[in-house]
Every structure is written in C-alpha cells, then in structure tokens.
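Structure first, commentary second.
The values are calculated or read from the model by the stated rules, or taken from the named source; none is laboratory data. These numbers come from a predicted model, not from an experiment. In this analysis, Cβ positions are derived from the backbone assuming ideal geometry, glycine residues included, and neighbour counts consider all displayed protein chains. Heads up: the accessible areas ignore ligands, DNA and RNA and are worked out on the full protein's heavy atoms, side chains in. Shrake-Rupley method; radii C 1.70, N 1.55, O 1.52, S 1.80 Å.
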Amino acid sequence: MASLRTRFSPSPTGFLHLGGARTALFNWLFARHYNGTFILRIEDTDVERSQKIYEDDIIAGLTWLGLDWDEGPYRQTERLETYRFYTQELIARGAAYYCNCPKEGLEQRRQAALARGEKPRYDGHCRDLGLKAGSDTAVRFRSPTDGITHWDDLTKGAIAFDNAELDDLVLVRADGVPTYNFAVVVDDLTMNITHVIRGDDHISNTPRQILIYQALGAPLPQFAHIPMILGPDRAKLSKRHGALSVLAYRDMGYLPDTMVNFLARLGWSHGDQEIFSREELIRSFSLDHVGKAPGIFDTEKLAWLNGHYLRQATAAALAPQLQEFLSKIDIRVDDLATLANVARTLQPRAHTLVDMAAQARFYFEDPRPYEDKGARKFLTPQIKPVLREIIARWQAEPVPNEEALHQFFKNMQEEAGLKIKEIAQAVRLALTGRTASPGLFEIIEILGWPEVFRRLRTAVAACP
C-alpha cells in the first residue's frame, strides 16, 4: 500500500488540542504502518478566525510529538484557483447553481421553519432560476432529493443517509471563498488522499462530500471515523477535565513519547498492552482495532505513564530538558553532565519534568527553610554533637561509597545511642531540607564535600 495517502487538516482557529493531535497521530501511524504518505494541510478559509499564532502552534505541537509529514503544509488560501476550476466544473455538469438569496431572507425562512417544527434547511429558491454569476451570488450544490447515500466506514461499519434530509449546501460564498465541505473534497481529490481518518463528529458531513465526489465523477476515498475523547464523567472533553492544548502538556513537563502512547490508547487497543514504543505503535496500528466507544481521558493514567517514560529515558537525554525546566524557576545550570547525574537520582520519583525540576532545586540552592515537621523531629539537641562529629570524621576520611556510608551510620548509632534513622534523617535534612530525597551518597557525590560540610555546619547552627 505504498500509494496510501492520509492527511491531517486542522483549521488554524485555535490551538492544537488533544482530539486534533490524536487524529493526526492515527493518520500518521496508518501511513507509516503501510509505508504510505502523510500530508499536512492547513484549512484556513475561515479568514476571520484563522490566525498565524494558531498555525504556528499546530506545527510546533506536531513537531514536538514527532509526527513528521511528507508533504505540506499546504494552505487552502493558496489554492483558490483550484477551487474555482472545480466550481465551474460542477456548474457545467448541472450539479451546482448560482444563488443570490440575501442573508436576511435566509434567516427569516430558517426561523419560520423552526417555528413550524421543521428542520431548518434551504428551500431551493434559486435552484431553477438559472442565475448568472454576480458580485452577490454564492454557488450552491444541487443535492439529489431522493435516494440514499451510503458508505462502508472502516471503523463504524455501514452508514447511510436519506438524501431527502440534505439540502443544497453552499459550495462557494459570495466573496469567492469555498466552504469546508467543498474545499475538503477538492483538496482530498487533487492530493490523491486514499483514506480520510477523522473524528466521528464529521459523519454528518460525509454524505454531502460523497455526493460532491460523485457529481465530479471522482473515485471516493475510504472513510474512517474515530470515536471522540470524553472526560471521566463521559461529558465532552473540556478544560475542566484537564484537557489543554498539546503544547500546554509539554510546558507541564510531559514527554512527547508519553503523549503519543497516551493518545494512541484513547480509542485504539492492541490486546491488553498499555505501553508501546513508537516503533511498536507503527508496527501494530490498524483501523481494525479502533473501537466504536469514546476514549476516556484519565489524568492519573497520563501521570503514571509519564513517570514510566521518565524512568526509561537516559539521564543524558533528560539533562537538557531538566536544564530548560530549571531555567523556568530561575536556576541556571550550564553543566549538562551534572544535570544528567541529578536527573538520574530523581528519575525513580518524578512524574513530570516540572516535578523533577522542583525536586532538583536543593542541589543548586540553599535547602533552607527546612521542612518544619522534619526539623522539629530530627534537628534536636541530641543530634547536634553527632553532626559535629560526622563533619570531623568525614573531613578526616570521606566515605567512599554507599556501603561505607551505611556502615558509618551504623557505627555512629552504636556510639551515640541513637537510631540510624535519626542520624540519617538529620543529615538528609541538612543536605536537602526535607525528609524524602534520593540516596544520601548520590547527593553527597553531586554536591561535593565542601558544600556538604557547609550545609552540615548550617544544620548544626539550626539545632536548639
């Protein structure tokens, strides 16, 4: 299926959201699985609402996710001549006509239909008037008034619409700008799109588009409508569920592999497997395993998955990312080797890069103020002489490894008559400011002995 061609065609009227990103991912995976072509097309004919900032966000989001495209980005506003050609083709075939109905009259007839309890639709006023093109004329499609339009959807199965329910939709507005349903057909036709994979909120558009294909005598692509993403309450996904733009998740410290894995599993499955490498997704993906039920957005699962990918990443790969997130909290570190060592100590317990940067703060700043509860419990009068003795002994002979550190604490326990926990936690508080942290020897190695001694002396002074 090397000739297979899919596309992602967002409208730059908003930021790239999770639903759009998943649609892009499914198209990308399908194309990559079959060694086909993945196209990026920007549908920017909504001139009033389209903005460059949104297009930039879409491209940046796809790039961050690693969804590379083979062609594009194409932009509909650069293809107006192509739409004009196909408009004239439909008019020549008698499948489209000019309409000069004013907006006010259309709205009045719409409201009258609603008042009668009828479905608001165009009444065909200009259908047989034989109007010519003018400055105030739109172009409408001459939709069949009887028969059935149907297709075999690759995910939903057989779907059919009664043509009598479809009115004569506008193909081109009076200003010459094509509408969505017309432009998307011309684009998919001229770009040789073989598979249209999109959200199932587009199902109602599909019969209209099929009729335009048929009126042009053009072959149909195959359609696959994927289920929507819902919140845990099964309501439409929104910000209150934690659903933000894709780049917002980047800024919250999620990894791109996390988001790709998470989005792939929203509506698609491969047995009971939850965690997939990118290569596994490409190898395993098929539309056969896209479900009919909506995917449920789960923030806890997303955090769990991101923790997994943080633990699986190499410390060297995390170092520049940690550097970026530390800079956001005004900590500048140029030494990537040190940052790799820091990241390695935090990988087992961090859930996001934001979390990792917050946990890493003590490495680069004074750990005070100490955690209040821990300081009251462990920085006691009894521990004060013990900390002094630890400083003296480590200055004379620094402990060389984790095993030696454990034995050192055990010896100090016997001499001081305190529990190992009391001694170790006092040292931990002195070095990190908290009672939970990475391993003490790891911390000592990264801080270096001069800084360790400085922090221990500070803790001695803090003891009552």
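Structure values in brief
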| quantity | calculated |
| --- | --- |
| Kirkwood-Stokes translational diffusion coefficient of region 5-50, alpha-carbon pairs, 4 °C, 1.567 mPa s, µm²/s | 115 µm²/s |
| Cut-off under 5 Å, modelled amide H: who pairs with VAL196 long-range | GLN222, PHE223, ALA224 |
| Per-residue HN-Hα couplings for region 75-89 [Karplus 6.51, -1.76, 1.60; θ = phi - 60°; Hz; x = Gly/Pro] | 10, 5, 5, 9, 10, 4, 5, 5, 5, 4, 4, 6, 5, 5, 4 |
| Cut-off under 5 Å, modelled amide H: who pairs with GLY291 long-range | TRP268, SER269 |
| For the chain, Cys with no neighbouring Cys Cβ under 4.7 Å | CYS101, CYS463 |
| Those lysines that a straight Cα-Cα span of less than 19 Å connects to LYS384, excepting residues fewer than 8 apart in one chain | LYS373, LYS410, LYS419, LYS421 |
| GLN382 long-range amide H proximity, modeled H, under 5 Å | none |
| Sites GLN222 and GLU442, calculated FRET efficiency, Cβ-Cβ separation with R0 60 Å, nearest 0.05 | 0.65 |
| Ordering of 281-294, 184-197 by packing [mean C-beta count within 10 Å, highest first] | 184-197, 281-294 |
| Per residue, in Å², the accessible surface of region 377-464 once ligands and nucleic acids are set aside, probe 1.4 Å | 49 Å² |
| Extension gain, LYS421 back to ASP366 (0.36 nm per residue minus Cα-Cα distance, nm) | 17.5 nm |
| Order by protection proxy (mean Cβ within 10 Å, highest first), peptides 231-238, 457-464 | 457-464, 231-238 |
| Projected label distance in nm at TRP449 and ASN163, using a 7 Å step from Cα toward the beta-carbon | 9.0 nm |
| Stretchable slack from SER204 to ARG240, in nm (0.36 nm times residue separation minus alpha-carbon distance) | 10.2 nm |
| Accessible surface of region 188-232, 1.4 Å probe, proportion on carbon and sulfur as whole % | 51 percent |
| Among 101-113, 65-77, the order from most to least packed when residues are scored by Cβ within 10 Å on average | 65-77, 101-113 |
| Semi-axis lengths, Å, region 1-112, gyration tensor of Cα atoms, sqrt of 5 times eigenvalues | 33, 20, 13 |
| Computed over the chain: relative contact order in percent, which uses C-alpha pairs under 8 Å that are six or more apart | 12 percent |
| Backbone HN-Hα couplings from phi across region 3-20 [Karplus 6.51/-1.76/1.60, Hz, Gly and Pro as x] | 8, 4, 9, 10, 8, 10, 10, x, 9, x, 10, x, 6, 5, 9, 4, x, x |
| For region 234-278: rounded, prolate or oblate by the Cα gyration tensor [a/c cutoff 1.5] | oblate |
| Alpha-carbon centroids, region 314-372 and region 100-177: separation in whole Å | 59 Å |
| Karplus 3J(HN,Hα) series, Hz, for region 120-127 with 6.51 cos²θ - 1.76 cosθ + 1.60 (x for Gly, Pro) | x, 7, 5, 8, x, 3, 9, 4 |
| Radius, Kirkwood style, for the chain when every pair of distinct Cα atoms is counted (Å) | 26.7 Å |
| Helix-only mean residue ellipticity at 222 nm for the chain, each DSSP H run of n ≥ 4 adding -39500 (n - 2.57), per residue, nearest 500 | -14500 deg cm²/dmol |
| Cβ-Cβ FRET estimate between LYS328 and ALA462, R0 fixed at 35 Å, reported to 0.05 | 0.75 |
